[in-house]
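The values are calculated or read from the model by the stated rules, or taken from the named source; none is laboratory data. This structure is a prediction, so every number in the text was calculated from the model and none was measured. All Cβ positions, glycine included, derive from the backbone under ideal geometry; neighbour counts span all protein chains shown.
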Amino acid sequence: MIARVTWILIAPLVVVGSALLAYAEDQAAKAASPATPSIASFDTVEGIKTMSAVKATLRSRTPCSAELTTADGAKIHLGSPNAPAEIVSFLSTLKEGEAYDLPDAFIGYQALQPLEEKLTPVVLKYFPDAQFSRTTTQFESKHGTMEFLVHGRSKTGEITSTAHKEEGPNFRGFLLRLQVLPERFQMAAVVPQEITQPYWTTFLDMAPLPDKKSYLLISFSYGGRLAPEFRQAIRAALPSSLSPPQ
């Protein structure tokens, strides 16, 4: 009779001890395994433009979508089969392994779209074989460029003794570069102005964009024999710091 009472008292303690051990093991397993990363999806223009600011790296891309990850492992999915053309076009400029500031990269891409559409036919009219390149926040077009050895010049006019390699236009070529900046910065040169360099001339300007927050850095280099009508057509198509958008 005494032995039976002893068993009745010990059995519940064994059950409770086993439950506590199982709970502890379960918590340890959860702590050891990484948490499932969160996924945020955006496939509309307004959705991407208003997303929280984040830096993310492109991991994979399809013709109409892309998957990026943040430093803490969160996943961001952009686009879908129903995404508008401007999103699909933006995604085509992204490169695997590169990090992007979102939504700034998309906003910058959008800001350049109207200019790209305006400038491209002007360039092709005069130079059908001109080269074009596009990133999220930069547009470049060129024709007749080559690599020069250039001696730098200080603000006081001193010329450096060593030369560096620099791409520039030949006497009938041009190199047009546009870059969207999130804010204005203080340039060494007063803009707008044309700077005469040893082998070419460069027109510089920093024009405000329609959102009145970001700016467009303009660099238009050309050789001395570039057709004047082409220079005028390009300048007419570019925004100007002298006539900001209303």
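Below is a table of values for the structure above.
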| read-out | value |
| --- | --- |
| Test: residue in the stretch 103-121 that is assigned to a helix (DSSP H, G or I), surrounded by 16 or more Cβ atoms within 10 Å (Cβ to Cβ), without any contact (Cβ under 8 Å) to a residue 40 or more places away in the chain and of a type in the set (A, V, I, L, M) | yes |
| Leading residue by the ranking (nearest to F185 (Cα to Cα)) among those in the stretch 203-246 that are buried (at least 19 other Cβ atoms within 10 Å of the Cβ) and of a type in the set (S, T, Y) | Y215 |
| Total residues in the stretch 161-218, condition outside any strand (DSSP E or B) and under 22 Å from the mean Cα position of the chain (by Cα) | 12 |
| Residue, nearest to L226 (Cα to Cα), within the stretch 145-166, restricted to residues that are surrounded by 11 or more Cβ atoms within 10 Å (Cβ to Cβ) and in contact with a Leu (Cβ under 7 Å, 6 or more places away or on another chain) | T145 |
| Options P210, P192; residue that is within 23 Å of Y109 (Cα to Cα), in the same structural domain as L119 (by TED's automatic domain parsing) and out of contact with any His (no Cβ under 9 Å at 6 or more places or on another chain) | P210 |
| Which listed residue, of A227, A189, A236, is hydrophobic (A, V, I, L, M, F, W, C), out of contact with any Cys (no Cβ under 6 Å at 6 or more places or on another chain) and modelled with pLDDT under 85 | A189 |
| Top-ranked residue in the stretch 42-76 [being among the β-branched types (V, I, T) and part of a helix (DSSP H, G or I); ranked as farthest from the chain's Cα centre (by Cα)] | V45 |
| Residue identified as modelled with pLDDT of 95 or more, surrounded by 18 or more Cβ atoms within 10 Å (Cβ to Cβ) and not small (G, A, S) among K142, K55 | K142 |
| Search result, residues across the stretch 122-131 that are touching a helix residue (DSSP H, G or I) at 6+ places or on another chain (Cβ under 9 Å) and either in a helix (DSSP H, G or I) or modelled with pLDDT under 90 (or both) | V122, V123, K125, Y126 |
| The one condition in (1) under 30 Å from L94 (Cβ atoms); (2) surrounded by fewer than 16 Cβ atoms within 10 Å (Cβ to Cβ) that R172 fails to fulfil | (1) |
| Test: G97 is over 17 Å from the mean Cα position of the chain (by Cα), in contact (Cβ under 8 Å) with a residue 12 or more places away in the chain and assigned to a loop (DSSP other than H, G, I, E, B) | no |
| Pair list, Cβ < 6 Å and 6+ apart or interchain, from the stretch 193-221 residues that are at pLDDT 90 or above to residues that are of a type in the set (D, E) and in a strand (DSSP E or B) | T201/E194; F203/E194; I218/D205 |
